[in-house]
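Heads up: the structure comes next, in structure tokens.
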Amino acid sequence: MTLLEVLQSTTAYFAKREIESPRLNAEHLLAHSLGRKRIELYLEFERALDEAELAPLRELVRRRGQGEPLQHLLGTVEFCGRTFVCDKRALIPRPETEELVEHLLKSEIGKQKPEILDVGTGSGVIALSLAAAVPEAKVHAIDLSEDALALARQNAEMLGLGSRVSFARSNLLRDVEGSFDLIVANLPYVPATDGPALSREVLHDPALAMFGGDSGDEIIRNLIATAPDHLNSGGSLALEIGLGQADTLLAFLAEKGYRDISGRHDYAGVTRFLFARYG
């Protein structure tokens, strides 16, 4: 089969199995399997592929057809212009979280020498992106999962940021000492009852990183309640939240004495981010 024929048949296979963006998925896996860039595929459409090239691709296609995330199969994900290792040890970074980082970099955080704490760092994308963009920042990252921390440290070393970000295990702020100018968090916010409705791809993420209790916002509320003890005067709290959680969490921030409270939409028009100051 030629490269084009393989691409077409793979696309049809994915479409039949209701894989979103089947052509794009097929291109990514074919390029990954052949060690090419996606754009290079278009220069080789007529080249015949031999069995040695087809065998590893078939296995990748089979796994993708069963719902294994594309990012896990590729082993990497792009986030804020950088490439991160991505696997089942942590949540796959979403585009919305890139928006959260963009909001922070447009704020005064990007113009100072802040002390930053990333709570629930997962693969480390928030902490490492902020550290790379704000060289004067002191960045700390915590997570409950040792597997996630190992992945985050791996990404830090790969990006040459191993000396810029400190990583530690903590259940939220329980084992954290000191105070910070910014506490940022993308914590689990999916209600436990929503599990059966999640896609096959999402269910490959660690449950610890997804489910935030029966209502979905219990872990976020815990952080809101405990963060003031670890914020410098006028320090900021920045949160990514779930669908439909904004109103109750905005009220909870006010109840806990925060000021300058605001919510911001993601590109889909959902109130996805909350920002507040304390002291």
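Structure notes:
- Residues that are surrounded by 14 or more Cβ atoms within 10 Å (Cβ to Cβ) and either under 14 Å from residue 179 (Cα atoms) or at pLDDT below 95 (or both), drawn from segment 224-239: 226, 227, 228, 230, 231, 232, 235, 236, 237
- Residue 113 passes every criterion in (1) outside any helix (DSSP H, G or I); (2) more than 24 Å from the chain's Cα centre (by Cα); (3) buried (at least 19 other Cβ atoms within 10 Å of the Cβ) apart from (3).
A quick yes/no check of all residues on (1) touching a helix residue (DSSP H, G or I) at 6+ places or on another chain (Cβ under 6 Å); (2) without any contact (Cβ under 8 Å) to a residue 60 or more places away in the chain; (3) buried (at least 23 other Cβ atoms within 10 Å of the Cβ):
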| site | (1), (2), (3) |
| --- | --- |
| 118 | yes, no, yes |
| 122 | yes, no, yes |
| 127 | no, yes, yes |
| 139 | yes, yes, yes |
| 143 | yes, yes, yes |
| 161 | yes, yes, no |
| 171 | no, yes, no |
| 182 | yes, no, yes |
| 208 | no, no, no |
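- Looking only at residues of segment 67-104 that are over 18 Å from residue 20 (Cα atoms) and of a type in the set (Lys, Arg), we find that the one that is surrounded by the fewest Cβ atoms within 10 Å (Cβ to Cβ) is 88.
- Only one entry of 250, 203 meets the criterion of being part of a helix (DSSP H, G or I), out of contact with any Asp or Glu (no Cβ under 9 Å at 6 or more places or on another chain) and either at pLDDT 95 or above or within 22 Å of residue 170 (Cα to Cα) (or both), and that entry is 250.
The values are calculated or read from the model by the stated rules, or taken from the named source; none is laboratory data. Given the structure is predicted, the values throughout are model-derived calculations rather than measurements. Because the Cβ atoms are built from the backbone with ideal geometry, glycine has one as well, and the counts that use them run over all protein chains shown.
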